[in-house]
């Protein structure tokens, strides 16, 4: 790498420069996320050699030209993204990384949230997870059978309502988590679902959070096997639920069959991981409904 690498930043309204980022990502067999708000690029003698973006609180679309890979240049790109985010007053960030970079990011103030398949780490540079768990703790209800289920934020279908009724009858209390597939947070949509479930006396509805990872937020730039991405995403999601969410709320059961966009592979993964007893995460029984 020469000494004339120049970094620059611009927002998504600069269509000409965004188009160049898209071309660069295309050449590196990567896709441009249409929700990126801010870009950072590196150029050498007028040629783009790296790029990265910020979408909400998440670092995305990070790519390095093949001849500079293996030189830890990607970490320099991350540095520039962190600096750009800080200038915008956006200091609470999440990133997904390969495990080999864990110590580097820890030295930059990031903390491990969870790992997946010894291939992906999810980290954050704030105490948001601690605050999130504190907010969950306020909604904890004691009982012998504390259930949980996940719903997408689309309108409830009669089949889903029937499954929820089934689950609620088997629980002292049932926690329902809303997942927005676009990664957004909508109090209005949560309120609509809460009203739809108002007839139940033992249900708490939880709004979507950063710790319920949607497919929209899960990046893939450092995973070579694209067919493996869904499995990594699912494992990360299940392990965060098991290690952080379930113990905080005292959840003993996870009901499956309510989710409208979950495949059998995800259910199989839950059946394998959730019943395990970890030192910091008790067993959660998985119950198939329907």
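The values are calculated or read from the model by the stated rules, or taken from the named source; none is laboratory data. Just so it is clear, the structure is predicted and the values come from calculations on it, not from any experiment. Glycine also receives a Cβ, built like all others from the backbone with ideal geometry; neighbour counts cover every protein chain displayed.
Summary of values
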{"item": "Among (1) assigned by TED's automatic domain parsing to the domain that holds residue 207; (2) touching a strand residue (DSSP E or B) at 6+ places or on another chain (Cβ under 9 Å); (3) modelled with pLDDT under 90, the one test that residue 141 misses", "result": "(3)"}
{"item": "Where a residue in the range 64-80 is under 11 Å from residue 104 (Cβ atoms) and its partner, wherever it lies, is in a helix (DSSP H, G or I), with Cβ under 6 Å and at least six apart", "result": "75/104"}
{"item": "Some residue of the range 2-22 being surrounded by fewer than 17 Cβ atoms within 10 Å (Cβ to Cβ), in contact (Cβ under 8 Å) with a residue 40 or more places away in the chain and not in a strand (DSSP E or B)", "result": "yes"}
{"item": "Matching option when the condition is surrounded by fewer than 18 Cβ atoms within 10 Å (Cβ to Cβ), within 29 Å of residue 143 (Cβ to Cβ), modelled with pLDDT of 85 or more and touching a helix residue (DSSP H, G or I) at 6+ places or on another chain (Cβ under 8 Å), among 249, 289", "result": "289"}
{"item": "The range 106-123 - residue that is surrounded by fewer than 20 Cβ atoms within 10 Å (Cβ to Cβ) and at negative phi and, of those, farthest from the chain's Cα centre (by Cα)", "result": "107"}
{"item": "Counted residues, the range 23-59 - those being over 24 Å from residue 71 (Cα atoms) and either in contact (Cβ under 8 Å) with a residue 12 or more places away in the chain or surrounded by 15 or more Cβ atoms within 10 Å (Cβ to Cβ) (or both)", "result": "8"}
{"item": "Any hit, the range 166-181, residues being surrounded by 14 or more Cβ atoms within 10 Å (Cβ to Cβ), over 25 Å from residue 247 (Cβ atoms) and at pLDDT below 90", "result": "yes"}
{"item": "Failed item in (1) buried (at least 16 other Cβ atoms within 10 Å of the Cβ); (2) at pLDDT below 85; (3) not in a helix (DSSP H, G or I), with residue 261 passing the rest", "result": "(1)"}
